[in-house]
Amino acid sequence: MPAEVDLARTAGLLADRSRAAMLLAMFDGRAWTAGELARAAEIAPSTASEHLARLLTGGLTTVVTQGRHRYFRLAGTEIAEAIEPLLQIAPPTPVTSLRAASRGRALAAGRTCYDHLAGRAGVALADALRARGIVTDDPALTPVGRDALTEFGVDVADLARGRRPLVRDCLDWTERRSHLAGAVGAALTERLFALEWLTRVGSGRGVRVTEAGKDGLRTTFGMAPLPEVA
């Protein structure tokens, strides 16, 4: 084991607005092209390529090549879990346009935190799961929860064989309360997308609970209705 770690090197990768913007874009859990990330960070493609090379070398991102195309994504859940707490102490970006204000409201209402549901929707779902006895306050998955989620289409038995914790609290940076992370949080979110109870909003990480989702989440998990985004 090394005697020390080079924390400054990793911090330096985050200490650039363009690289930070690209990392936050990849928080939606999807793979992005260099051109898409350049637009997200509002920089030239050549500049984006330089930043992505540094993020790759630093181990914060990974790249997948398919034919002539290269797709970038966060290197793993541990990267998202390391960055998310920094959002709790980072100052808000000044809102200078109606578009930015609308985008901020949409992200606060619902978004993906890498691979699990966050925002008001994520916190409301976590509250409902606790109220139904599916997840405890610790948090831990209960026997009732295993049965309920398995019936809902989440392969809990398979998830339990993995190395990732089944359930984990993740402090929501807009709500200042916890939403559900871990293998179950990710698999449950994936299932909600498959059922079209969740849908993407635009090209970023904003999500919206559909009308079918509102009915389904209320019936299945007792999730309270969410206020509409203005």
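The accessible area of Thr57, taken with all protein chains in place and a 1.4 Å probe, comes to roughly 100 Å².
Scanning the chain for trypsin sites (Lys or Arg not before Pro) that sit in a DSSP loop and have at most 11 other Cβ atoms within 10 Å, the longest stretch containing none of them is 69-160. Dipole of the chain computed with +1 at Lys/Arg Cβ and -1 at Asp/Glu Cβ about the Cα centre; of Gly119, Thr61, Ala40, farthest Cα towards the positive end is Ala40.
Across the chain the C-alpha pair distances fall into 5 Å bins from zero in the proportions 1, 6, 13, 18, 18, 16, 12, 9, 5, 2, 0 percent. Counting only protein chain heavy atoms and rolling a 1.4 Å probe, the accessible areas of His116, His69 rank, largest first, as His69, His116. Averaging the sequence gap over all C-alpha pairs within less than 8 Å and six or more residues apart, then dividing by the number of residues, gives the stretch 52-162 a relative contact order of 10 percent.
Charge dipole of the chain (Cα centre as origin; +1 on each Lys and Arg Cβ, -1 on each Asp and Glu Cβ, all else neutral): 560 debye, rounded to the nearest 20.
Any idea of the accessible area per residue across the stretch 90-156, 1.4 Å probe, to the nearest Å²?
For the stretch 90-156, the solvent-accessible area averages 51 Å² per residue.
Evaluating 6.51 cos²θ - 1.76 cosθ + 1.60 at θ = phi - 60° for every residue in the stretch 31-41, the Karplus couplings come out as 8, 10, 7, 4, x, 5, 5, 4, 5, 4, 8 Hz, glycine and proline recorded as x. Solvent-accessible area of the chain (1.4 angstrom probe, protein heavy atoms only): carbon and sulfur portion equals 55 percent. Take every pair of alpha-carbon atoms less than 8 Å apart whose residues are at least six positions apart; their mean separation over the length of the chain yields a relative contact order of 18 percent.
Rolling a 1.4 Å probe over the protein heavy atoms gives the stretch 7-62 an accessible area of 49 Å² per residue.
The values are calculated or read from the model by the stated rules, or taken from the named source; none is laboratory data. Values in this document were obtained by computation on a predicted structure and should not be read as measured data. In this analysis, Cβ positions are derived from the backbone assuming ideal geometry, glycine residues included, and neighbour counts consider all displayed protein chains. With ligands, DNA and RNA removed, areas are computed over all heavy atoms of the protein, side chains included. Shrake-Rupley method; radii C 1.70, N 1.55, O 1.52, S 1.80 Å.
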